[in-house]
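Notes to accompany the following structure.
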Amino acid sequence: MRDVAILGVGMTKFGELWDRSFREIGIEAGFQALVDAKLSSGDLGALYLGNMASGSLIAQEHIAPLILDYSGLGPHHIAAVRVEGGGASGALALHEGWLAVASGAHDFVVVGGAEKLTDVPDVEASRITGGTADHEWEAVFGATLPGLWAMIARRHMHDFGTTREAFAQVAVQMHENGSKNPNAHYRNKITLEAVTGATPVAEPLGMLDCAPFSDGAAAVVLGPMERARKFTDTPIRLAASQVACDAMALHHRREITTVDSTVVAAKRAFAQARRAPADVQLVEVNDAYTIAGLVALEDLGFVEKGKSGPAFLNGEFARGARLSMNTSGGLKSQGQPFGAVGVAQAVEIVRQLRGEAKERQVSGATLGLAHNLGGTGGTSVVHLLERTN
Amino acid sequence: MEAGIVSYGVYVPRHRITPTEIGKVWGVDGAGMGAGLNVHRKSVPAPDEDTITISTEALRTALIRGAIDPQEIGALYIGSESHPYAVKPSATVVAQAVGATPNLTAADYEFACKAGTAAIQTCLGLVGAKMVRYGVAIGTDTSQGAPGDALEYSASAGGAALIIGRERVIARVEDTVSYTTDTPDFWRREGQRYPSHSGRFTGEPAYFRHVTECAHRMMERVHTTPADYQHVVFHQPNGKFPQRVGKQLGFTEAQMRHGLVTPFIGNTYSGAALIGLANVLDHAKPSERILMVGYGSGAGSDAFDLTTTEEIAQFDRSFGPPVEQFLHNGIEIPYATYAKFRGKINMGGE
Amino acid sequence: MTIARFWRETPQRYNLGGAKCTVCQTVYFPPRSVCPSCAQHRQSIGKLEPFHLSGEGEVVTFSVVHDAAEGFEMQVPYVLAIVRTREGPQLTGQVVDVDPKEVKIGLKVRATFRKLREEGKAGVIHYGYKFAPAEDWDGRPPGRGMPAHVPSELPTRPAEGSARA
């Protein structure tokens with residue numbers, strides 16, 4: 001396997017993009033990435049497109065050739081593949097792109113992620129996204145995604161004494177981070193009292209513990225590290241790309257409060273990169289629900305199991321602290337266009353490592369981790385991104 | 001007759017509403033209304049309960065108490081006027097849910113409030129003829145009265161399941177007799193949400209005539225007088241009718257005591273007489289004689305003469321709540337919750 | 001949801017029909033055709049037999065759901081829980097007949113039979129398991145549960161060896 005670099009990145013604004021269609025946002029992100037990589041479309045070998053549920057959300061399947069076509073790449077007849085892994089679809093597409101380039105099957109590929117959630121009513125979007133958990137044995141009995149994560153939160157509070165304030169503070173911190181991100185869905189700052197006092201969704205989680213349904217797209221261009229210097233002065237090396245899976249239903253997991261797929265993917269990623277959690281300065285975790293952010297910090301190895309609450313309240317994961325978590329604002333503030341999330345996490349880390357994050361720039365970071373997850377952890381994907389110069 | 005009751009189970013939903021609370025909404029003296037009807041609380045099913053779920057709970061209790069293999073059930077009949085489907089049997093769902101399928105016959109019965117007792121008679125015939133080992137007769141309803149109508153103060157939800165067989169009988173059925181005429185005192189037309197009734201016509205020519213005539217015929221056939229019975233159970237659309245008809249027939253308050261449940265849970269329609277009988281069985285000792293007279297509008301009565309056996313002393317009542325628990329417990333809810341639970345709020349879109 | 005899709009799971013949803021591996025004795029719900037606990041998965045193929053759960057268990061974790069899934073709107077707020085059954089398997093379901101404030105981790109529950117949801121006013125009604133406190137309203141012996149014996153010949157059981165993970 002050869003080293004793979006990210007040569008270019010791009011993303012649309014995340015949010016309720018009422019006036020923009022699925023294909024428009026998909027194309028915009030892809031072009032930004034291609035322009036950023038200074039690559040001509042004729043050099044591309046393949047397109048991998050992460051998307052969770054276009055069939056249910058916009059009644060359009062077979063979307064990878066559609067995006068290829070409207071990007072003007074149709075005449076090149078390159079391979080275009082849709083990749084689906086629930087909320088982890090974006091990172092899973094990135095993994096496929098990495099495999100293609102690392103193996104030598106292709107030299108240059110575009111990895112995109114796109115989702116259009118606002119073309120269906122909220123209640124339908126809830127049902128569709130709920131399908132990333134086990135429909136037959138969870139959703140049929142009234143389980144929703146927030147309901148499932150709320151059960152993780154309840155058990156975490158019971159087992160470790162995690163406080164309501166600890167995961168509420170995640171939302172506060174994410175909005176603080178997102179306020180500096182022009183692409184974020186929500187740029188307003190919120191208070192702890194606003195989070196704990198918000199309308200309950202699934203106790204103990206309230207409205208402000210939940211990431212929004214957003215539209216958006218993101219893309220990166222990958223190529224072999226040995227040719228990267230032709231295109232950019234600051235190629236970012238994909239030091240690790242790992243996927244791990246687990247039981248679909250939360251009730252079938254080894255433990256309610258540990259997402260084993262994340263634990264395993266992280267261990268494999270650190271082994272692949274020959275690095276340790278302490279080497280990481282930047283992390284983008286899947287905080288679709290505030291509690292999910294805390295659990296991810298534990299499962300990735302950044303804090304001992306059960307200790308994430310006090311550590312978070314202690315400011316250990318604020319921007320510029322020992323580990324900067326979700327400088328983008330995370331899913332909570334930057335937004336949650338499911339299939340685009342995993343790619344957007346990579347975009348944020350690349351921009352940080354290159355020093356292009358402007359107002360929210362963290363100084364001196366060289367290693368970042370992106371953690372993307374589907375459902376309640378049926379799939380977890382971990383990438384390590386490294387600046388090599 | 002060598003057939004009788006082998007086991008029984010009761011289920012009444014947990015929520016209750018008082019006549020006072022209902023009266024508040026309609027500007028009526030609810031407490032007075034309740035006192036007049038002798039109905040002090042009525043049960044209300046939760047939004048996820050219906051006659052199928054009530055039947056299943058009652059029958060599961062009966063099967064466990066009697067330690068009966070559900071595969072030995074050869075016939076299952078559910079008497080109700082509030083089957084959730086107009087077409088599609090409740091009985092098949094219940095049979096599947098208790099593990100009785102596929103080797104049995106099953107059907108839904110409807111005869112206003114008397115379909116449960118009609119189911120008992122069918123089972124007695126099948127069991128007596130040795131066509132089946134066990135027959136299940138369920139009487140249950142989640143009946144509705146139109147908002148503001150007098151029926152709203154009494155119409156409630158609940159049910160009982162009786163397992164009829166020849167072995168280990170706890171209450172032998174000595175005989176049964178019916179009395180049936182065409183008397184339109186209460187009805188609900190196809191597609192109508194709430195039933196209609198003929199006011200005071202539901203009394204003398206309907207309930208009282210049929211119950212009295214049927215009780216007389218029963219006692220004539222088995223050569224008894226009211227004094228021969230330890231317990232009597234009547235259909236009980238409210239708490240007052242059965243008391244009056246009992247007195248007219250010559251029964252005492254003591255004989256009626258355990259069989260009268262409507263004052264505490266309301267009128268469970270097809271379930272009413274059966275739940276009353278179940279409460280009697282909860283208290284009965286061996287060799288006690290019981291007269292039960294059901295009534296259904298439209299109209300007809302089924303009477304049963306039963307005698308408890310030595311088996312009832314060994315009968316395991318420890319599983320499942322006794323009927324008295326349903327009578328004296330429950331959670332009271334306001335009319336607004338009741339209206340939501342019973343689908344009385346117009347949600348639009350229809 | 002199509003009718004067939006719900007109907008084929010009836011033995012599980014109505015009767016808690018699971019499976020037991022005859023090699024390692026592990027119980028599964030819903031039934032599986034391959035045992036994940038057996039070191040050599042292949043040796044378990046065809047060795048799982050029907051096994052019914054008693055419906056008894058305790059709450060492992062729970063939430064009070066206010067923002068309902070489609071079709072559950074009339075039931076809010078409802079208690080959603082993961083229950084660990086006496087036989088081992090965990091499953092997700094609602095806890096009914098209880099004040100949400102009184103639900104605790106460790107609460108003993110028993111299976112009950114309720115409507116899960118309706119396909120609108122004219123469509124079919126889906127029934128299945130929910131849970132209720134095992135101690136009844138005033139601490140009396142439990143009033144809900146499954147009959148001691150449920151048949152092994154369930155009508156929609158998959159053919160031996162068919163994939164059904």
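The values are calculated or read from the model by the stated rules, or taken from the named source; none is laboratory data. No experiment lies behind these values; they were computed from the predicted model shown. Positions of Cβ are generated from backbone atoms using ideal geometry, with glycine treated the same way; all protein chains shown enter the neighbour counts. The area values use the complete protein model at the heavy-atom level, side chains included, leaving out ligands, DNA and RNA. Shrake-Rupley method; radii C 1.70, N 1.55, O 1.52, S 1.80 Å.
Annotations for the structure displayed:
- Counted charge near B:ALA313, where neighbours are those whose Cβ lies closer than 15 Å (Asp, Glu -1; Lys, Arg +1): 0
- Each other residue within a Cβ distance under 12 Å of B:ASP228 adds +1 if Lys or Arg and -1 if Asp or Glu, for a net charge of -2.
- Size of the C/B contact, given as accessible area buried on both chains, probe 1.4 Å, in Å²: 3300 Å²
- Placing unit charges on the Cβ atoms of the charged side chains and taking the dipole of segment A:150-265 about its Cα centre, the candidate lying farthest along the positive direction among A:PRO204, A:ASN177, A:PRO224 is A:PRO224.
- Beta bridges from DSSP with both residues in chain A: antiparallel share about 70 percent, rounded to the nearest 5.
- Relative contact order (percent, whole number), chain B, Cα cutoff 8 Å, 6+ residue spacing: 25 percent
- Averaged over peptide B:316-322, the number of partner chain Cβ atoms lying within 10 Å of each residue's Cβ comes to 4.
- Vicinal HN-Hα couplings computed from phi for segment B:74-85 (Karplus, 6.51 cos²θ - 1.76 cosθ + 1.60; Hz; Gly/Pro x): x, 8, 9, 10, 10, x, 6, 9, 10, 4, x, 10
- Normalising the average separation of contacting C-alpha pairs (under 8 angstrom, six or more residues apart) by the number of residues puts the relative contact order of chain A at 26 percent.
- Taking all protein chains as they are arranged and a probe of 1.4 Å, the heavy atoms of C:TRP7 leave approximately 150 Å² accessible to solvent.
- Dipole magnitude (debye, nearest 20) for the protein assembly as shown, charges at Cβ of Lys, Arg, Asp, Glu: 1100 debye
- DSSP bridge pairs, chain B: antiparallel proportion in percent, nearest 5: 65 percent
- Of B:ARG209, B:ARG65, the order by accessible heavy-atom surface (1.4 Å probe, DNA, RNA and ligands excluded), from most exposed downward, is B:ARG209, B:ARG65.
- Once C-alpha pairs closer than 8 Å and six or more residues apart are averaged by separation and normalised to the residue number of segment A:188-302, the relative contact order reads 23 percent.
- A cut-off of 5 Å between modelled amide H atoms, ignoring neighbours fewer than 5 places along the same chain, links B:ARG188 with B:SER196.
- For segment A:265-389, the square roots of the Cα gyration tensor eigenvalues, ordered a ≥ b ≥ c, give a/c below 1.5, which places it in the rounded category.
- Secondary-structure-derived ellipticity at 222 nm for the protein assembly as shown, considering helices only, amounts to -8500 deg cm²/dmol, per-run term -39500 (n - 2.57) for DSSP H runs with n ≥ 4.
- Filter on A:LYS307/C:LYS130; A:LYS116/B:LYS344; B:LYS240/B:LYS285; B:LYS42/B:LYS114; B:LYS285/C:LYS104 - keep pairs with C-alpha separation over 29 Å: A:LYS307/C:LYS130; A:LYS116/B:LYS344; B:LYS285/C:LYS104
- Listed peptides B:269-278, A:356-365 appear in the order B:269-278, A:356-365 once ranked by packing, highest mean of other Cβ atoms within 10 Å at the front.
- Translational diffusion of segment A:1-100, estimated by Stokes-Einstein from the Kirkwood radius over alpha carbon pairs at 25 °C in a medium of 0.890 mPa s, is 172 µm² per second.
- Listed peptides C:87-98, A:122-133, A:205-216 appear in the order A:205-216, C:87-98, A:122-133 once ranked by packing, highest mean of other Cβ atoms within 10 Å at the front.
- Taken about its Cα centre, segment B:1-160 carries a charge dipole of about 300 debye when Lys and Arg each add +1 at the Cβ and Asp and Glu each add -1 at the Cβ.
- Counted by Cβ distance under 10 Å from B:ALA299, the other residues give a net charge of 0, where Lys and Arg count +1 and Asp and Glu count -1.
- Where GluC sites (Glu not before Pro) fall in DSSP loop in segment A:138-218, at most 11 other Cβ within 10 Å: none
- Viscosity 0.890 mPa s, temperature 25 °C, Stokes-Einstein D of segment C:54-136 from Kirkwood C-alpha radius, µm²/s: 187 µm²/s
- The DSSP beta bridges internal to the protein assembly as shown are antiparallel in roughly 75% of cases.
- Amide H contacts of A:ALA321 (H built 1.01 Å from N, under 5 Å, at least 5 apart or other chain): none
- The mean count of C-beta atoms from other chains within 10 Å of the C-beta of residues in B:154-164, rounded to a whole number, is 0.
- For C:PHE131, residues with placed amide H under 5 Å, excluding near neighbours: C:GLN94, C:VAL95, C:VAL96, C:THR112
- Spatial offset of segment B:85-127 relative to segment B:1-67 amounts to 19 Å, using the alpha carbon center of each.
- For chain A, the dipole from Cβ point charges (+1 on Lys and Arg, -1 on Asp and Glu) about the Cα centre works out to 1060 debye, to the nearest 20.
- Kirkwood Rh and Cα Rg combined as Rg over Rh, evaluated for segment B:1-74: 1.20
- Dividing the C-alpha radius of gyration of chain A by 2.2 N^0.38 Å, with N its residue count, gives 0.90.
- Inter-chain shielding of C:95-105 (mean C-beta neighbours from other protein chains, 10 Å cut-off): 2
- In this simple spin-label model, placing a label point 7 Å from the Cα along the Cα-to-Cβ direction at both A:ASP107 and C:ILE45 gives a separation of 4.4 nm.
- Square roots of five times the Cα gyration tensor eigenvalues for the protein assembly as shown, Å: 64, 27, 23
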